[in-house]
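Mind looking over this structure? Questions follow.
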Amino acid sequence: MAPPFAARLEALQGWRASMLAGLGEVDRFLAAHDLRDRTVAARIAALRRRLAGDKRMLAVVGEFSRGKSELINALLLAGCGRRILPATPGRTTMCPVELGYEIGTRPSVALLPMETRRDEATLAELRADPARWTRFEFDLGDPARLAELLAQVAATRGASLDEARALGLWDDAQPQANPPVDAQGQVEIPLWRHALVNHPHPLLRRGLAVLDTPGLNALGAEPELTLGLLPAAQAVVFVLGADTGVTRSDLELWRDHLASRPVAHFVVLNKIDTLRDPLLAPDAVAQQIETQRRTVAQSLGVDLGAVFAVSAREALVARIEGDAGALERSGLPRLETALAAGLLDEGREGLQRLIGDALGDLRARTTHRLGERRRQIAEQTLELRGLRGKSSARLRAARQRVAVEEHDFERCMVQIQALRAVHKRLLEQALTALAGEGLRREVEQLQQALRPALFRLDTRAAFGALCARLRESLGQGEARSVEIQAMLAAGCTRLNAEFGFAIELPPPPALAHFGDELALIESSYARYLGLAGALRLLQPRAMEQFKRMLLSKLRVVFESAGAEIELWSRSLIAQIDAQVGERRSAFARRAAALERIDQAAGELERRLAELAAQDTALLRAQGRMGELVEALLTAPAMPEPAARERRVAVP
């Protein structure tokens, strides 16, 4: 009973593998035909890294006791033959749990002690420090051991109020969110802050990652969940209880952390088995479930088709027992089909657009370079045919003409050096606008502005001003790119006219998608800067952690934008360098051919035959490059699911 989700992920992995193989063939072709300069190699390598490292993050979010862990058990871990993630009544998952797979590492569960919250280091920084984690390896043949290790995510311990405050787990300004105090004056806190499960499950090996989150209070206590992990997810499953519907805390979690995120949302009305009543007819039960679905859709403001009625417990049992009928009645296959379309198909389409844009540009550049080589061969052929039957004096004159043309051509290097100098200055200006040092100053300026704003509860205005300046910096980087393109275009027009170059410059990269990423960060952090978040930032440790997280997020956006501008800009200079090199090689070949012809009459016809063969080879190379690129651009998409899988129905 391979689930639709698994089948589609398998297809996505197969498509990625075919793309990687195709890119490898393109790379080898370019190298074999001396068309693989440093810039082209870097671009192909970047595409291959993106394909090989592509992951799809699915975040499962909901309040305590909604069945999130059981849903992950049914979706992912039923093959273990037992329940793996703890899913007993009451609070189970007390810390975020990430399930994924890292190639070359042994199966393990890594737990981050709650005491690390005393440090200023962010979760992202702690990931790079294995010494801070408690790691347990497990044997794939021992699911009981894995279940025992994962039971740790539910572990708690007692702590004094002072310790809870120091760890950010007690907030005097929000007493309703604090845990109860026992007779000894202690509160119960999670033992672990975060858990990483490295498991070579077939779906995880193929690039899926799953995040299991605790409830609303835990989301508020760990800002990196709302500011880092959730925004990184490509899809979010919001789990509700079928018996409770949308509670007040469910609605608060949805509005504060999920509703406005521009990702695929799937709402799961879990535990529909609790609505089944032996005293009611099946049709009446189905009508109750349908009514609950409609109520949930209306309360959350989502389409009815995005709300799925599921029994995760029945689905897990059905998968373990191999009962296809019970699995269908659980409602899980319909959710899996929707996840496959929303999470996997859209991921493939995004990658395909990226590859298509890069290959289109690569094909144009390659065709242009091969065409330039053919043009030079045509000129040589015409020149040599004119020497048939000519005297040695005419041959010497031809050699002198080549030498004069080569000398004249070398004059263009003065203009090229001037272009390089101006290009370097403009590129530095463009990258300075996006540099990390400027980001650090901006975030520190925000920190200074937030201190008085916290007491006026005016934090969002200060943060909005920062984001406006950052958008301006992105705009400056894009404007500098336009200047670089205009300057080089003017210089290359002169080179084309005076020295016979055939340089064509692509348009500068648009940075709009980086603006979209900045808007997503702004939206995430603006929500965090509401009343509750502002009060939390009054604590120095919380403020420092906020600054470090924000800076790390912004640095990724701006460094990526700078890298894109730099790669584009250097590709322009690389095109000029390639044509200069081609021209010099052509002069050398012409001089050598004339010298050989002067020495042997038969050499002329042989050289003409060589040129004809070279032209034929270049023509074939142009066709082959087109075939390779077309094969990648028209690679078949993942197969459409069967009609039964496409149907979204209510059990």
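The values are calculated or read from the model by the stated rules, or taken from the named source; none is laboratory data. What you see is a predicted model, and the numbers here were worked out from it, not measured in a lab. Glycine also receives a Cβ, built like all others from the backbone with ideal geometry; neighbour counts cover every protein chain displayed. Keep in mind that these areas ignore ligands, DNA and RNA; they rest on the heavy atoms of the full protein, side chains included. Shrake-Rupley method; radii C 1.70, N 1.55, O 1.52, S 1.80 Å.
Given points 7 Å out from each Cα along the Cα-Cβ axis, report the residue 513 to residue 588 separation in nanometres with one decimal.
3.9 nm
Residue 243 accessible area, nearest 10 Å², 1.4 Å probe?
The accessible area comes out at roughly 90 Å².
Give the whole-number value, in cubic angstrom per residue, of the convex hull volume spanned by the C-alpha atoms of segment 52-207. If you can, show how the numbers build up before the last one.
Values: hull volume 21.6 nm³, N = 156.
Cα convex hull per residue, to the nearest whole number: 139 Å³.
Can you order the peptides 408-420, 67-79 by their average number of other Cβ atoms within 10 Å per residue, highest first?
Highest to lowest by the protection proxy: 67-79, 408-420.
So, with a 1.4 angstrom probe, what is the percent of accessible area on the chain that is carbon and sulfur?
Working: 15640 of 29040 Å².
So the carbon and sulfur contribution to the accessible surface is 54 percent.
Grab the beta carbon distance between residue 367 and residue 414, set R0 = 51 Å, and tell me the FRET efficiency rounded to 0.05.
On the way: r = 30 Å, r/R0 = 0.58.
Efficiency, from the Cβ-Cβ distance: 0.95.
Can you list, largest first and rounded to whole Å, the semi-axes you get for segment 405-515 by taking the square root of 5 times each eigenvalue of its Cα gyration tensor?
Values: eigenvalues 397, 34, 9 Å².
Here the semi-axes work out to 45, 13, 7 Å.
Using r as the Cβ-Cβ distance of residue 616 and residue 487, and R0 as 51 Å, what FRET efficiency do you calculate, to the nearest 0.05?
0.85
Ratio of segment 132-251's C-alpha Rg to 2.2 N^0.38 Å, to two decimals? Don't skip to the end; give the middle numbers.
Values: Rg = 17.1 Å, N = 120, 2.2 N^0.38 = 13.6 Å.
Normalised by 2.2 N^0.38 Å, the Cα Rg of segment 132-251 equals 1.26.
Using every alpha carbon pair in segment 225-317, what percent of pairs falls into each 10 Å bin from 0 up to the bin containing the largest distance?
Spelled out per bin, shortest first, that is 16, 45, 29, 8, 2.
Rg over Rh of segment 54-137, using C-alpha atoms and the Kirkwood radius, what does it come to?
My calculation of the ratio gives 0.97.
Working only with C-alpha atoms, what are the Rg and Dmax values of segment 28-69, expressed in angstrom?
Gyration radius and largest Cα-Cα distance of segment 28-69: 20.6, 62 Å.
Compute the distance in nm between two label points, each set 7 Å from the Cα along the Cα-to-Cβ direction, one at residue 129 and one at residue 441.
2.9 nm
Check which residues have an amide H placed less than 5 Å from residue 193's amide H, if you skip close sequence neighbours.
Under 5 Å from the amide H of residue 193 lie the amide H atoms of 112, 114, each far enough along the sequence or on another chain.
Find the accessible area per residue for the chain; the probe is 1.4 Å, ligands and nucleic acids are left out, and the unit is Å².
Counting only protein heavy atoms, the per-residue value for the chain is 45 Å².
Plugging the Kirkwood radius over Cα pairs into Stokes-Einstein for segment 262-374, at a temperature of 10 °C and a viscosity of 1.306 mPa s, what D comes out in µm²/s?
Numbers: Rh = 17.5 Å.
The Stokes-Einstein estimate is 90 µm²/s.
May I ask you to work out the translational diffusion coefficient for segment 134-177 at 10 °C, viscosity 1.306 mPa s, via Stokes-Einstein with Rh from the Kirkwood sum over Cα pairs, reported in whole µm²/s?
Working: Rh = 13.3 Å.
Value of D from the Cα-based Kirkwood radius: 119 µm²/s.
Under a cut-off of 29 Å between alpha-carbon atoms, report the lysines in cross-link reach of residue 424, not counting same-chain residues fewer than 8 places apart.
Partners found: 553.
Right, here's the next one. How much length would be gained if the chain were fully extended between residue 249 and residue 357, taking 0.36 nm per residue of separation minus their Cα-Cα distance, in nm to one decimal? Don't skip to the end; give the middle numbers.
On the way: separation 108, 0.36 × 108 = 38.88 nm, distance 4.46 nm.
Value of the extension gain: 34.4 nm.
Note the full-extension length gain between residue 523 and residue 285 as 0.36 nm times their separation in residues minus their Cα-Cα distance, in nm to one decimal.
81.6 nm
Under the 0.36 nm per residue contour assumption, what length would be gained going from the current alpha-carbon distance of residue 627 and residue 448 to full extension?
So the extension gain works out to 58.7 nm.
Per q in 0.26 1/Å, what log10 I(q)/I(0) does a Debye calculation on the alpha-carbon atoms of segment 124-202 return?
-1.23
Separate question: Could you order the peptides 462-474, 185-197 from most to least packed, using the average number of other C-beta atoms within 10 Å per residue?
185-197, 462-474
For segment 266-288, list residues with backbone N below 16 Å from a point placed 7 Å from the Cα of residue 321 toward its Cβ?
273-274
How large is the accessible surface of residue 547 in square angstrom, using a 1.4 angstrom probe and rounding to the nearest 10?
40 Å²
Still on this model: Contact order normalised by length for segment 281-341, with contacts defined as Cα pairs under 8 Å and 6 or more residues apart; what percent is it?
RCO, segment 281-341: 24 percent.
Follow-up question, since we're still on this one. How high is the relative contact order of the chain, in percent, counting Cα pairs under 8 Å that sit 6 or more residues apart?
19 percent
Let me ask something additional. Relative to the compact-globule scaling 2.2 N^0.38 Å, provide the ratio for the alpha-carbon radius of gyration of the chain.
1.23
Now for a separate question. Sequence neighbours fewer than 8 away in the same chain don't count; with that in mind, list the lysines whose C-alpha is under 26 Å from residue 68.
55, 271
Would you compute, for the Cα atoms of segment 468-532, the largest minus smallest coordinate along each principal axis and list the three values in descending order, in whole Å?
Projected onto the principal axes, the Cα atoms of segment 468-532 cover 67, 16, 7 Å.
Any idea how far apart residue 570 and residue 406 come out in nm if each label point goes 7 Å out from Cα toward Cβ?
Using points 7 Å along Cα→Cβ, the separation is 3.1 nm.
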